[in-house]
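The values are calculated or read from the model by the stated rules, or taken from the named source; none is laboratory data. None of these values were measured; they are calculated from a predicted model. As a convention, Cβ positions derive from the backbone with ideal geometry for all residues, glycine included, and neighbour counts pool all protein chains shown.
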Amino acid sequence: MITLKNVLNDVESFCNQHDVIQEFNNGDFTDYQSNDHKYPLVWLSPTASNTQSGQNTYRFNLAVMSIVYNNQDKMKVLSDCQILLAEILSYFNADNDTLRYFMKTTGSFSPFYDSIDNSTGWQGDVEIVVPFSYDYNKIRF
């Protein structure tokens, strides 16, 4: 069975191997404090789960963000974050033999900018669909 923790570990592993992404975090996005992180940052927040005939769907809010420093162009930083977002979605949608599931977007991604701490990026919802089978023999009695 592919668990929520397995999925989070796979996304974290992708981020750790990526040449540009500096940090991965997960959990409640309300815990985010801009000065506590390295950028660009990927944040994955579980929001729901659904089980039905042969599959389990984990729903997440996915944010890719960075900081606009001093004289940087805000649109350039936002554009760079969008490229990172596309790379994440491409990796988890690829016909990848090492992954046993795929990621799909469930809506649109919206840009954000926080003028207080100069963080900017993209945020939206994704689903990760994993195979699931009911198996009485695997119940831990």
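Numerical summary
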| read-out | value |
| --- | --- |
| The range 99-119, residues that are under 20 Å from Phe60 (Cβ atoms) and hydroxyl-bearing (Ser, Thr, Tyr) | Tyr101, Thr105, Thr106, Ser108, Ser110, Ser119 |
| Residues being among the polar types (S, T, N, Q), under 15 Å from Val64 (Cα atoms) and free of Cβ contacts under 8 Å to residues at least 12 places away in the same chain - total across the range 15-29 | 1 |
| Qualifying residue in the range 73-84 (condition: over 17 Å from Ser13 (Cα atoms) and assigned to a strand (DSSP E or B)) | no |
| Every residue from the range 6-20 that is of a type in the set (Asp, Glu) and either crowded, with 16+ Cβ neighbours inside 10 Å or in a helix (DSSP H, G or I) (or both) | Asp10, Glu12 |
| Candidates Phe92, Phe141, Phe112, filtered to the one that is modelled with pLDDT of 85 or more and assigned to a loop (DSSP other than H, G, I, E, B) | Phe141 |
| Matching residues in the range 21-64 - criterion: being surrounded by 12 or more Cβ atoms within 10 Å (Cβ to Cβ), in a loop (DSSP other than H, G, I, E, B) and within 15 Å of the chain's Cα centre (by Cα) | Ile21, Gln22, Gly27, Tyr32, Tyr39, Pro40 |
| Contacts under 9 angstrom Cβ, first residue in the range 1-14 being touching a residue at least 60 places away in the same chain (Cβ under 8 Å) and among the aromatic types (Phe, Trp, Tyr), partner surrounded by 16 or more Cβ atoms within 10 Å (Cβ to Cβ) and assigned to a loop (DSSP other than H, G, I, E, B), 6 or more apart | Phe14/Ile21 |
| Every residue from the range 115-138 that is part of a loop (DSSP other than H, G, I, E, B), among the aromatic types (Phe, Trp, Tyr) and free of Cβ contacts under 8 Å to residues at least 40 places away in the same chain | Tyr134 |
